[in-house]
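FYI, it's all coordinate maths here, none of it is from the lab. Quantities reported herein were computed from a predicted structural model and do not represent experimental measurements. FYI the Cβ positions are ideal-geometry reconstructions off the backbone, even for glycines, and counts take in every protein chain you see.
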Ligand code: 1AG
């Protein structure tokens, strides 16, 4: 039985989001607003199908995918770069590789105790975020 990520999760801390946004070329004014946000994630997991809605006061982002099936990601409201994305299991971690203009782009979700972790990577930058169950 794989881990169940389903639920509503609130951001409690974030490390190096600034570096991650810089790697994506996000402008100063947007970064200034974005780094103060406390996004909420609503994750629905049914078998191999996932949807992840990330909501904040400024921008929101929705993605849905099936494990192992490549999909086109538009990153609308984020950096707007299109990627070919695929999500797979690495043991109990959910790993997304986002292939496109940016090298080493992707994210990993995992659960430790009652916390949801998210590692966001782009080029040499890694941002780590922790979410707690709402
Ligand atoms: C994500 O989470 C997307 C969630 O892939 C957003 C994470 C980081 C923001 C990405 C780039 C920064 C670009 C613009 C900054 C402007 C607004 C920030 C808004 C943040 C809330 C949407 C991984 C996974 C599945 O959970 O999506």
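One table, with the values for the structure above:
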| item | result |
| --- | --- |
| Odd one out for residue 54 among (1) assigned to a loop (DSSP other than H, G, I, E, B); (2) under 21 Å from residue 14 (Cα atoms) | (1) |
| Of all residues making up the stretch 95-114, the number that are in a strand (DSSP E or B) and without any contact (Cβ under 8 Å) to a residue 60 or more places away in the chain | 9 |
| Considering residues of the stretch 58-68 that are within 10 Å of the ligand (Cβ to nearest atom) and outside any strand (DSSP E or B) only, the residue surrounded by the most Cβ atoms within 10 Å (Cβ to Cβ) | 59 |
| Where a residue in the stretch 63-88 is on the phi > 0 side of the Ramachandran plot and its partner, wherever it lies, is crowded, with 17+ Cβ neighbours inside 10 Å, with Cβ under 8 Å and at least six apart | 68/86; 68/87; 75/61; 75/83; 77/61 |
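Yes/no per residue for (1) under 18 Å from residue 128 (Cα atoms); (2) under 14 Å from the mean Cα position of the chain (by Cα); (3) more than 9 Å from the ligand (Cβ to nearest atom):
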site	(1), (2), (3)
31	yes, no, no
48	no, no, yes
56	yes, yes, no
70	no, no, yes
93	yes, yes, yes
101	no, no, yes
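Per-residue answers, yes or no, for (1) surrounded by 15 or more Cβ atoms within 10 Å (Cβ to Cβ); (2) more than 18 Å from residue 15 (Cβ to Cβ); (3) touching a strand residue (DSSP E or B) at 6+ places or on another chain (Cβ under 6 Å):
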residue: 33; (1), (2), (3): no, yes, no
residue: 36; (1), (2), (3): no, no, no
residue: 79; (1), (2), (3): yes, yes, no
residue: 86; (1), (2), (3): yes, yes, yes
residue: 95; (1), (2), (3): yes, yes, yes
residue: 98; (1), (2), (3): yes, yes, yes
residue: 112; (1), (2), (3): no, no, no
residue: 120; (1), (2), (3): yes, no, yes
residue: 124; (1), (2), (3): no, no, no
